[in-house]
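Notes to accompany the following structure.
A short reminder: the numbers here are calculations on the coordinates, not readings from a lab. Model, not experiment: these values are computed from the prediction.
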Amino acid sequence: MLKIILAIVVSIILVLLILKDKKKGIINYVFINQKTKKYHQKKCPYAKNLKSISFEAAIKEDYTPCKICNEEKN
Ligand SMILES: [Zn+2]
């Protein structure tokens with residue numbers, strides 16, 4: 001009986017961990033240009049060869065969207 005309970009608990013924990021990982025995947029990543037202080041969406045032509053960070057981190061560090069990315073957003 002105890003083994004069954006343990007098995008159930010372990011599977012619940014595993015499911016929770018998988019869900020947590022899926023949430024991580026939803027995080028929006030942007031590409032930042034540290035010289036211009038602009039960030040770019042993945043599909044932006046200026047995003048090439050730039051460092052990627054989370055959108056939230058970019059906002060916190062005062063990055064603003066480039067012209068193209070800003071237009072696509074609206
Ligand atoms: Zn851009």
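Miscellaneous remarks
- For the pair residue 16 and residue 42 in one chain, pulling the backbone fully straight at 0.36 nm per residue adds 6.5 nm over the alpha carbon distance.
- The stretch between residue 5 and residue 54, if pulled fully straight at 0.36 nm per residue, gains 13.8 nm over its current Cα-Cα span.
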